[in-house]
Amino acid sequence: MRRRAWGRLPAALGSVACMLVTLTACSPLDMLAFLGGCKNTGGSSTVQVSQASGEWTGLVGRHQDQIKQMWPGQVSFCAPYDYGFQCTWWACMRQKSLGHDIGQYWGNGGEWDTSARNAGWEQGAQAGGIIVFNPGAGGSSSVYGHVAVVEQVNGDTVHTSEGGTGWGKVATRSFSASHPPAGISYWHPKGGGGAGAESVVQADSPSHSGPASGLATLY
């Protein structure tokens, strides 16, 4: 009896696999891994990952003086934002290191969405772009807002690098690309973000701050 039961097991498993393929829209290749479940309904279990450049995680924890030593040619350009280790200064330094055309007077962190739009940037989460927090959004200053750099997009997860943390170091956080908290929006240079940034994830509810004031202050 046991031998017969085990003999029927492969056929039963095959039937289950076929049913899973039919019901969950997995590709035929997913039958080989159906016991692990279908990871998404698009016919593929692959999650696309793009990042701004190199091992960006090595930037996390670096102090302002270390950043200046890494990119000395950008210090004078980003000086208008330099009041301690502020979010706008870091965003300027990092964007310049990525070869992006950043203005010297894009305003407070929460005004960078308007400045980016005026500079021809496009909306959407893309590695190499920026994430803008309107005043009070995502724990930012209720007066100045905040801006950070999008370093990596891993499926629907956005990883950032940012200054203005109060610790004088580069920090990192993660957010949803398609469902960011209220008052948060993503922007990237027209035609692309950083190296390897092929795809753009559009957020559901875009938001904009008021006009840029031309003054760069703290997070």
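The values are calculated or read from the model by the stated rules, or taken from the named source; none is laboratory data. Note that the coordinates shown come from a computational prediction; the quantities given were computed from them, not determined experimentally. Neighbour counts are summed over all protein chains in view; Cβ atoms, including those assigned to glycine, are modelled from backbone coordinates with ideal geometry. With ligands, DNA and RNA removed, areas are computed over all heavy atoms of the protein, side chains included. Shrake-Rupley method; radii C 1.70, N 1.55, O 1.52, S 1.80 Å.
Points to keep in mind about this one:
- Subset of segment 64-105 (residues that are small (Gly, Ala, Ser) and open to solvent by 10 Å² or more (accessible area, probe 1.4 Å)): Gly73, Ser76, Ala79, Gly84, Ser97, Gly99, Gly103
- Segment 59-74 residues that are on the phi > 0 side of the Ramachandran plot, paired with ones that are open to solvent by 70 Å² or more (accessible area, probe 1.4 Å) (beta carbon under 6 Å, 6 or more apart): Gly61/Lys169
- Trp121 being among the aromatic types (Phe, Trp, Tyr) and out of contact with any Gly (no Cβ under 8 Å at 6 or more places or on another chain): no
- Odd one out for Asn134 among (1) closer than 21 Å to Met70 by Cβ; (2) open to solvent by 10 Å² or more (accessible area, probe 1.4 Å); (3) of a type in the set (S, T, N, Q): (1)
- Any hit, segment 54-75, residues being farther than 21 Å from Thr172 by Cα, over 19 Å from the mean Cα position of the chain (by Cα) and in a loop (DSSP other than H, G, I, E, B): yes
- Which listed residue, of Pro80, Pro135, is more than 22 Å from Ile184 (Cα to Cα), in contact with a helix residue (DSSP H, G or I) (Cβ under 9 Å, 6 or more places away or on another chain) and in contact (Cβ under 8 Å) with a residue 24 or more places away in the chain: Pro80
- Close pairs from segment 177-192: first among the basic types (Lys, Arg), partner assigned to a strand (DSSP E or B), Cβ under 9 Å, at least 6 apart: Lys190/Glu122
- Residue in segment 118-138 that is modelled with the highest pLDDT, counting only those that are over 20 Å from Pro80 (Cβ atoms) and part of a helix (DSSP H, G or I): Ala137
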